[in-house]
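Working notes, beginning with the structure itself.
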Amino acid sequence: MTKNSTTMLINKLNKASSVYSYLDKSGNDMAMQNMSEYLNDKLSEKGLTKREVFWKGNVDDIYGYQIFQGKKRPSFDVVVRLAFGLGLSFDETKVLLKSARLCALSPRIKRDAVIIYGLQHGVSLDAVNEQLYDLGEMLLGDKD
């Protein structure tokens with residue numbers, strides 16, 4: 001069964017007699033892993049250890065473990081750094097950001113374009129931060 005578009009879901013929600021009836025009828029469209037589950041699935045899939053991910057993503061170990069356990073809700077930059085640490089693709093990073101209930105990366109924003117390029121081309125976090133620095137953009141990690 002294919003999922004409905006967001007527009008279709010909004011229309012269904014507007015026409016529903018109650019939020020409960022909408023939720024009952026839209027179960028398949030609502031299903032999404034939470035961030036902790038997604039991170040742990042990707043960790044297993046990539047065959048990495050959490051410590052490797054934290055090191056590659058420049059994330060504090062204690063904080064990182066709390067994120068993987070679902071005890072902490074990280075900032076946008078930390079989620080993106082975890083994506084680099086896991087070696088996620090741009091598409092996988094979009095899912096991770098969505099599972100964390102954070103905004104998507106946009107190629108219309110200079111900083112985001114550098115990040116997207118790095119994700120799509122397997123560029124390291126350090127190299128992306130160098131490019132951000134060269135362009136006068138905020139580094140990944142400057143605000144947390």
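The values are calculated or read from the model by the stated rules, or taken from the named source; none is laboratory data. Quick caveat, the model's predicted, so the values are computed rather than measured. FYI the Cβ positions are ideal-geometry reconstructions off the backbone, even for glycines, and counts take in every protein chain you see.
Could you please find all residues in the range 110-137 being of a type outside the set (A, V, I, L, M, F, W, C) and farther than 13 Å from residue 56 by Cβ? First the steps, then the outcome.
First pass over the range 110-137, keeping only residues of a type outside the set (A, V, I, L, M, F, W, C): 110-112, 117-118, 120-122, 124, 126, 129-131, 133-134, 136-137.
110, 111, 112, 117, 120, 121, 130, 131, 133, 134, 136, 137 - these are the residues of the range 110-137 that are of a type outside the set (A, V, I, L, M, F, W, C) and farther than 13 Å from residue 56 by Cβ.
For the range 92-144, which residues satisfy the criterion of being among the acidic types (Asp, Glu) and at pLDDT below 95? Reasoning before the result, please.
Step one: of the range 92-144, the residues among the acidic types (Asp, Glu) are 92, 112, 126, 130, 134, 137, 142, 144.
Selection gives 142, 144.
Between residues in the range 116-135 that are under 22 Å from residue 54 (Cβ atoms) and residues that are hydroxyl-bearing (Ser, Thr, Tyr) and not in a helix (DSSP H, G or I), which pairs lie under 8 Å by C-beta distance while being six or more apart or on different chains?
Within 8 Å, the pairs are 118/124; 119/89.
Taking the range 77-88, which residues are in contact with a Gly (Cβ under 9 Å, 6 or more places away or on another chain) and free of Cβ contacts under 8 Å to residues at least 60 places away in the same chain?
Filtering the range 77-88 down to residues in contact with a Gly (Cβ under 9 Å, 6 or more places away or on another chain) leaves 77-78, 80-87.
Matches in the range 77-88: 82, 83, 84, 85, 86, 87.
May I ask you to list the residues in the range 31-76 that are without any contact (Cβ under 8 Å) to a residue 12 or more places away in the chain and among the hydrophobic types (A, V, I, L, M, F, W, C)?
Listed by number, the residues that qualify are 31, 62.
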